[in-house]
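Report on one structure; see the data block that follows.
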Amino acid sequence: MTQPLSCWTRTMRVVLALLAWPVGARAGEDVPPAPPVASSAPGGTGGPGPEAPRPPFQALPAALSVAPGLVFHGLGTWVAGDTGTSKRLFAMQGAGLGLLAVGGVPIALTGASRRTIGPLYAVALTGASLVSLSAAANLYAAVSPAFPPGAPARALPPVEVELGYQHVYDPAFDYRHFLSLGATARWEAVRLEGALHLAPGEGNTRVRLGGAYRLLGAPERARGGADGTALDVEGGAVFHRFGPEGFAMGGAEVGVRGRYDMARLSRRLEGSFAEVGAGFAYQGYSYFGPLSEDALHEQLLFSFGYGVYLGRGGPVRGEALLYYNHRKDDFAGGVKAAVGVLGLFGLRGRLFWSERWGVSAELQAGSAYVARVAVVYALGGER
């Protein structure tokens, strides 16, 4: 049980080393460093420091970042003269490919054996996250000079609730239409959240209750500056009832999730962020008839994504995230592949158009397709 976790811990050190290195290595960068995140002096405003000149947009580097830049990450910024950013993106890609080979090749050779799949998947997914994030950063760095970067909200509301509609297309089940309810509460470094998805008249209900504690970074209610970098430990419980099918699933999960503002890596990446999360889930299946002999399961949780902040101190603000989630027990399920069953791919975002009102939306694709849209009301407002 501890082998996958210790293996993931060792490989995660590679990620942290790559991300931490550029913070103190800006002397050789060919573009101006990112501005100070916030003023901590007494009487300071807590906002972002003075703006530094942004590099100009160039069409050729932007085109090369797509082809062949998606194969050689950092090529576009190298052509633009930003060798510092290029070296870091090449380093991320190289480390990711190495970890992907170390974990992926044995998975293919052993036929995804249960005896080794846990630690190998942890290594391979860490490598895949580095390759994917460097690819996304490569594209963002090429086009970011063409528009003003967004910034994280200075403070998130103490309480927010949402009401929406969710549509699920799954060939294996008859349910389609869901009522979606959600709520989030924040106290200092603690966040509590809950979500309910209910298919009226179809007997399918999913409930999740969870929370998080901030280990590193400013609390969500008091960020103060323009940096959203943070590390949280998370936990939760899930119950999903499939009425017509005659079974229910319940489980608990625990893990860590980190967000890294990419402006720390390069001035060109200001306004974007990367997220990585990992953990374990323990689940049990209860059948309305005889109990299965294999009713208890464990699941490796791993997700990563690249996002952008929307808005910068104006009335419109929010964020969007393109992500991969390795879990397979949600509505979208997992994608079948040659090395086993992968997780799901998704895009989610939220946008506020006033102090209290906003909208959130999400698309997911796995073995099923999920679309959700909801209206969000913030008590206390989002700034």
Assuming 0.36 nm per residue, please report the length gained on full extension of the stretch LEU192 to ARG114 beyond their Cα-Cα distance.
24.6 nm
Descending packing, highest mean Cβ count within 10 Å first, for 328-335, 132-139, 99-106 is 132-139, 328-335, 99-106
Using r as the Cβ-Cβ distance of VAL143 and VAL335, and R0 as 30 Å, what FRET efficiency do you calculate, to the nearest 0.05?
0.60
Provide the gained length on full extension for the span VAL359 to TYR165, in nm with one decimal, where the gain is 0.36 nm per separating residue minus the Cα-Cα distance.
68.7 nm
Set the Förster radius R0 to 22 Å, insert the Cβ-Cβ distance between ALA237 and TYR369 as r into 1/(1 + (r/R0)^6), and round the FRET efficiency to 0.05.
0.25
Is region 121-225 rounded, prolate or oblate when judged by the Cα gyration tensor, a ≥ b ≥ c being the square roots of its eigenvalues, rounded requiring a/c under 1.5 and prolate requiring a/b larger than b/c?
oblate
Length released on extending from TYR287 to PHE345, taking residue separation times 0.36 nm less the Cα-Cα span:
18.0 nm
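A short reminder: the numbers here are calculations on the coordinates, not readings from a lab. In this text, all values refer to a predicted model and were calculated from it rather than measured experimentally. When we count neighbours, we look across all protein chains shown, and the Cβ atoms used for this are built from the backbone with ideal geometry, even at glycine.
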